[in-house]
Amino acid sequence: MAAETLLAGGITVDLYDAMPSVGRKFLLAGKGGLNITHAEVQDRFLSRYGARRPQLEALLKSFGAAQLRDWVHALGIETFTGSSQRVFPKEMNAAPLLRAWLHRLRAAGLRIHARHRWTGWTDDGALRFTTPQGETLVRPRCTVLALGGGSWARLGSDGAWVPLLAARGITVARLQPANCGFEVAWSAHFRERFAGQPVKAVAVSLGDGAGTTHRHRGELLVSNYGVEGSLVYALSAPLRDAIAVQGSATLTLDLLPDHDPARVLREVSHPRGSRSLASQLQGRLGLRGVKAALLREVLSSEDMKDPRKLADTIKALPLKLTAPRPIDEAISSAGGVPFEALDEQLMLKALPGVFCAGEMLDWEAPTGGYLLTACFATGRAAGLGALGWLRSR
């Protein structure tokens, strides 16, 4: 995106990529259906960026969800809005979009250099690259770094750039997993029986210790190691931070979010005669399978027989999370170059002529199109910043 912006300004641009081809993470992100952006109202959209909303708001208002859709349409790719307000290309695939984009960029004069891994600067400021043919040095008039975060190293996002910037005096916030799964100490029986099964139509909540409760509805997935899925990803930042401070975090599940507590208590207190408790839960509340097993995972046999404790747990099942999964398994990462190290044009204050964009910046957002939208917006902003800097020179 930075390259496209500079090309439109009449600048000659070379793009260097460590991988054999460009856009590999973009392609994998779109493998199951490229969620390009989100159609919710702007204020709610901007709220998804949490503590970094103040730094990203102007960039996203300049190039946000609506502008990104127009940009996709200009490439000849149709989009549609799903029932969840997520926006997808009509073909549900990243490949046609990337092909059309690269065709347009090459036609505009972009020169792409694959298998060029950036390894820092020489003493006199040249960019150093390792290539299959050996080391090569490049002396550009300005540089845009868009090096990714620390997730999915096999696609090039390995965080190897962190010490390179640190050596130049740039303090980088530690890269951490975001939009990731979390570990739960399942019993062997539960793990063997239910790993891989979705827990549908639930609500999850997490208190932040300051009286605010984050609550989301949807589904999550039981995994061999714990839990994952969109509901968990939506809370990954506060969960990760709570575990860092307290050693664990408790995610609260409402197994029947459409049932009020009084109704649940009434149903579990109903005389069941010769029926088993499992039969009663299924017959009167529709609780069976993995949901019923979650109750047995956190309640003792005696507590299961206590209507009050059982009803309370159905509406607020405590799930203890002990650790986030490793960063290389995460969809995205938090941490990176802090905005405080950049000027308003995303140029490093300590390195004039060097701009940063994308996931290597210190921000995070949940899945749902927010990650890609901000990557596009920061890429465009860095391109505009570089264009202005070059013109001023």
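Key figures
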{"item": "Any strands (runs of 3 or more DSSP E) falling wholly within region 1-108 and containing at least 3 residues that are assigned by TED's automatic domain parsing to the domain that holds ALA334 and among the acidic types (Asp, Glu)", "result": "none"}
{"item": "Of the criteria (1) farther than 25 Å from ASP306 by Cα; (2) in contact with a strand residue (DSSP E or B) (Cβ under 8 Å, 6 or more places away or on another chain), which one ARG191 fails", "result": "(2)"}
{"item": "Residue list for region 283-298, filter: closer than 20 Å to ARG263 by Cα and touching a helix residue (DSSP H, G or I) at 6+ places or on another chain (Cβ under 7 Å)", "result": "ARG284, LEU285, LEU287, ARG288, ALA292, LEU295"}
{"item": "Any hit, region 44-53, residues being aromatic (Phe, Trp, Tyr), more than 17 Å from the chain's Cα centre (by Cα) and surrounded by 13 or more Cβ atoms within 10 Å (Cβ to Cβ)", "result": "no"}
{"item": "Residue under evaluation ALA94, criteria (1) touching a residue at least 40 places away in the same chain (Cβ under 8 Å); (2) under 17 Å from ASP17 (Cα atoms), criterion not met", "result": "(2)"}
{"item": "Single unsatisfied condition, ARG115 versus (1) of a type in the set (D, E, K, R); (2) touching a Pro at 6+ places or on another chain (Cβ under 9 Å); (3) free of Cβ contacts under 8 Å to residues at least 40 places away in the same chain", "result": "(3)"}
{"item": "Of residues in region 115-137 being of a type outside the set (Val, Ile, Thr), assigned to a strand (DSSP E or B) and touching a Leu at 6+ places or on another chain (Cβ under 9 Å), the one farthest from GLY148 (Cα to Cα)", "result": "LEU137"}
{"item": "Tabulated pairs, region 72-89, first free of Cβ contacts under 8 Å to residues at least 40 places away in the same chain, second surrounded by fewer than 19 Cβ atoms within 10 Å (Cβ to Cβ) and part of a helix (DSSP H, G or I), C-beta under 6 angstrom, 6+ apart or interchain", "result": "LEU75/ALA100; GLY76/ALA100"}
{"item": "Residue satisfying condition, being of a type outside the set (Asp, Glu), more than 30 Å from ALA153 (Cβ to Cβ) and in contact with a Leu (Cβ under 8 Å, 6 or more places away or on another chain), within set LEU28, LEU97, LEU46", "result": "LEU46"}
{"item": "Unique match (being crowded, with 16+ Cβ neighbours inside 10 Å, among the hydrophobic types (A, V, I, L, M, F, W, C), modelled with pLDDT under 95 and touching a strand residue (DSSP E or B) at 6+ places or on another chain (Cβ under 8 Å)) among ALA341, ALA330, ALA323", "result": "ALA330"}
{"item": "Some residue of region 141-164 being over 29 Å from the mean Cα position of the chain (by Cα) and either modelled with pLDDT of 95 or more or among the hydroxyl-bearing types (Ser, Thr, Tyr) (or both)", "result": "yes"}
{"item": "Checklist (1) in the same structural domain as LEU145 (by TED's automatic domain parsing); (2) touching a helix residue (DSSP H, G or I) at 6+ places or on another chain (Cβ under 7 Å) applied to GLY368, failing item", "result": "(2)"}
{"item": "Evaluation of VAL222 against (1) modelled with pLDDT under 95; (2) surrounded by 15 or more Cβ atoms within 10 Å (Cβ to Cβ) (one fails), failing number", "result": "(1)"}
{"item": "Residue selected from region 127-183 under the condition under 30 Å from THR322 (Cβ atoms) and among the aliphatic types (A, V, I, L, M), by the criterion surrounded by the fewest Cβ atoms within 10 Å (Cβ to Cβ)", "result": "ALA153"}
{"item": "Single residue of region 254-280 satisfying the filter (within 28 Å of GLY50 (Cα to Cα) and touching a helix residue (DSSP H, G or I) at 6+ places or on another chain (Cβ under 7 Å)) that is surrounded by the fewest Cβ atoms within 10 Å (Cβ to Cβ)", "result": "ASP254"}
{"item": "Close pairs from region 295-314: first in the same structural domain as LEU253 (by TED's automatic domain parsing) and surrounded by 15 or more Cβ atoms within 10 Å (Cβ to Cβ), partner of a type in the set (Gly, Ala, Ser) and not in a helix (DSSP H, G or I), Cβ under 8 Å, at least 6 apart", "result": "GLU297/SER187"}
{"item": "In region 7-43, the residues that are more than 23 Å from the chain's Cα centre (by Cα) and buried (at least 21 other Cβ atoms within 10 Å of the Cβ)", "result": "VAL13"}
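Listed here are the residues, each with its yes/no results for (1) more than 20 Å from ALA203 (Cβ to Cβ); (2) in contact (Cβ under 8 Å) with a residue 60 or more places away in the chain.
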| residue | (1), (2) |
| --- | --- |
| TYR233 | no, yes |
| ARG240 | yes, yes |
| ALA244 | yes, no |
| ASP258 | no, no |
| LEU265 | no, no |
| GLN280 | yes, no |
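The values are calculated or read from the model by the stated rules, or taken from the named source; none is laboratory data. Since this is a predicted model, take the numbers as computed values, not measurements. Positions of Cβ are generated from backbone atoms using ideal geometry, with glycine treated the same way; all protein chains shown enter the neighbour counts.
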